[in-house]
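Inspection log for the structure reproduced underneath, given as structure tokens.
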Amino acid sequence: MGNCCSDVAGGQTAIGGTGGHLNPANAPNDAVDRFLRSRGYNGLFSQIELSFSASGLRDRDVLSKSDPMMVLYAKGKNGALEELGRTEVILNSLNPTWITKQILIYHFEVVQDLVFRVYDVDTQFHNIDVKMLKLEDQQYLGEATCALSEIITKLDRSMTLDLRRREDSVRSTQSQNCGKLLVHAEECVSSKTTIEMILRCSDLEYRDLFSRSDPFLLVSKVVEGGNHIPICKTEVIKNDHNPVWKPVFLNIQQVGSKESPLIIECYNFNSNGKHDLMGKVQKSLVELEKLYSGGQGGNFFSSAPAGHNSHNKVLKSLLFVDKFTESVQYTFLDYLAGGFELNFMVAIDFTASNGNPRLPDSLHYIDPSGRPNAYQRAILEVGEVLQYYDSDKRFPTWGFGARPIDAPVSHCFNLNGSSHYCEVEGIQGIMMAYTSALLNVSLAGPTLFGPVISNAALIASQSVANGGRKYFVLLIITDGVVTDLQETKDALVKASDLPLSILIVGVGGADFKEMEVLDADKGERLESSSGRVASRDIVQFVPFRDVQSGEISVVQALLAELPTQFLSYMRSRNIQPSL
């Protein structure tokens, strides 16, 4: 995937990219993002091709073997099944290898549960298209279920599942053996060749009355019918008629080929979203490479007004290519296939501002009905996704801002109550340690992040020293504004060189505006007390809120950015997967 960043007030926004961030609700460049969406840009995705084979199927035919067909479903959170596709029918086989593949869109930030059902298609239906078959008329052989994440995190992206009958899945007794299903996943990437370019312009027109223009570039590909699909934008540069933008990255797969035409438009940024077109030029990657090698600029053109037959006017404004290089860019799934993992860590705010946990108005109140509070929901929403990317599922879990029994206030204590180790087993282990801690600590304060960030950074640095292929994700859940702001900044700047991302989720009704300074999407890059600037943005902050049915949660929106942060770390250090 390509990478283009938008930088207004220091924050980055990736469009079609592998670096920077796209946060439509909170990004500093909302107007540009709205503009892109209005022009057809809908975000990033990865296509996964699934292949299927089975062995040891049950024989339901009297005079011959079964004629199996496999049906794939997506399972929603409410348990409802949506059929995604069917394979062909294999005649007389208990060990079929189906040719038909199924293409899925992989989303890192959600758990995509899949159900596979195998049927024996009766002979009388063999001449009917499989899409027209009524499944209730076929003999059910068995089914299996798993999450897409479970398949793609296997080193060979293959997973063998036990087939069993529906009625067996709800029984406590041992299920009847109905055979096995092998599912193999491949990422649909036709090219990993990426072009890096540094673009600049000269002699741009004045568009603002009392100042110079604020230009940015929008790169689009031309599709059938002559329509333009945006694939990349640069950052906005303030008050500059000769701007030089940060490097942009375009994947050949995005573009089509090096000969495919690209439309490069230069706009003057307006905060109301109505950006002024200052000129455009059509060039292929081949032609842009020629501009680079020849050291020459290409003229921008102005569009003729609608309804006029006159030719586009040649402008004195020029586009230059100061850098043009090709390289192989590995994908997030390549690193997973190479054995890299994401390790989940949690830190929970136990300060007194949360309220007495025994009272229903407390943010830490454990509802007897089983309804999770905001802390539990945040843990579940992040943990249920990340658990598949961590092979041992042992998660470091801390609390802060409380007084353990017979001890002073601690700003980083092991949630499991141990004085020797901080890990718990699985997501349920986190939930159990959390509810237990509520009974064994006294809520206190103040709200300090520095100690837990330093602890997480220590684990990450030890992993690097030991040659570990791990990337760490620390979830901090808090109800208030941090009081050790400079110490937190110092810890974050130091941690920015490590394989670590930090998600901060604010719960409750506090005003979290001061927290946004920690998130470089919304301000300047963090600087420590010694003047050192963070090497990259590792923090994402969001206030937790209820979402309507069918909407993606704000926590999931944060998770969607993790593959980008993972890749920015790996690529900045030239770490390559062992494929």
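The values are calculated or read from the model by the stated rules, or taken from the named source; none is laboratory data. Remember, predicted model here, so these are calculated numbers, not experimental data. Counting neighbours? That spans all protein chains shown, and the Cβs are built from the backbone with ideal geometry, glycine included. What goes into the accessible areas is simple: the full protein's heavy atoms, side chains included, and nothing from ligands, DNA or RNA. Shrake-Rupley method; radii C 1.70, N 1.55, O 1.52, S 1.80 Å.
A few comments on the model shown:
- Placing +1 on the Cβ of every Lys and Arg and -1 on the Cβ of every Asp and Glu, with nothing else charged, gives the chain a dipole about its Cα centre of roughly 720 debye.
- Working ranking of peptides 497-509, 360-372, 315-327 by packing, defined as the average number of other Cβ atoms within 10 Å per residue, highest first, is 497-509, 315-327, 360-372.
- Placing LYS274, LYS192 in order of accessible area, with the largest value first and a 1.4 Å probe, yields LYS274, LYS192.
- Under-5 Å amide H pairs with LYS323, H placed in peptide plane, nonlocal only: ILE198
- Order by protection proxy (mean Cβ within 10 Å, highest first), peptides 410-422, 71-83, 554-566: 554-566, 410-422, 71-83
- Heavy atoms of TRP245 accessible to a 1.4 Å probe, total area in Å² rounded to 10: 10 Å²
- Among ASN227, GLY509, LEU57 the positive-end extreme of the charge dipole of the chain (Cβ point charges): ASN227
- Working note: Karplus 6.51/-1.76/1.60 with θ = phi - 60° gives region 276-282 the couplings 8, 6, 9, x, 8, 8, 10 Hz, where Gly and Pro are set to x.
- Backbone HN-Hα couplings from phi across region 117-132 [Karplus 6.51/-1.76/1.60, Hz, Gly and Pro as x]: 10, 10, 10, 9, 7, 5, 3, 5, 9, 5, 9, 9, 4, 4, 5, 8
- Unit charges at the beta carbon, dipole of the chain: most positive-side option, VAL110, LEU439, GLY480: VAL110
- Within the accessible surface of the chain, defined with a 1.4 Å probe on protein heavy atoms only, the carbon and sulfur portion equals 49 percent.
- Karplus (6.51, -1.76, 1.60) ³J(HN,Hα), θ = phi - 60°, over region 251-263, in Hz, Gly and Pro reported as x: 8, 4, 4, 4, 7, x, 6, 5, 8, 5, x, 10, 9
- The candidate values are [x] 108, 52, 41; [y] 80, 76, 45; [z] 122, 67, 58; the one derived from this structure for Cα extents along the principal axes in Å carries the label [y].
- Cross-link partners of LYS489 among lysines (Cα-Cα below 20 Å; sequence separation of 8 or more within a chain): LYS513, LYS522
- Between ARG371 and PHE301, residue separation times 0.36 nm minus the direct Cα-Cα distance comes to 19.2 nm.
- Straight-line cross-link reach from LYS393 at under 16 Å between alpha-carbon atoms covers these lysines, not counting any fewer than eight positions away in the same chain: LYS154, LYS470.
- Per residue, the chain exposes an accessible area of 45 Å² to a 1.4 Å probe, with every protein chain left in place.
- Calculated [222 nm] ellipticity per residue, helices only, for the chain: -5500 deg cm²/dmol; basis is -39500 (n - 2.57) per DSSP H run with n ≥ 4, divided by all residues, nearest 500.
- Along the axis of the charge dipole computed for the chain (Cβ charges of +1 for Lys and Arg, -1 for Asp and Glu, origin at the Cα centre), the listed residues GLY298, PHE541, SER284 are led at the positive end by GLY298.
- Distance between the 7 Å Cα→Cβ label points at SER293 and LEU94: 6.3 nm.
- Note: relative contact order over the chain, using C-alpha pairs below 8 Å and six or more positions apart, is 13 percent.
- Extended-chain gain in nm, criterion 0.36 nm per residue less alpha-carbon gap, LYS77 and THR193: 38.0 nm
- Each of the peptides 226-236, 567-577 was scored by the mean count of other Cβ atoms within 10 Å over its residues; in descending order, highest first, they stand as 226-236, 567-577.
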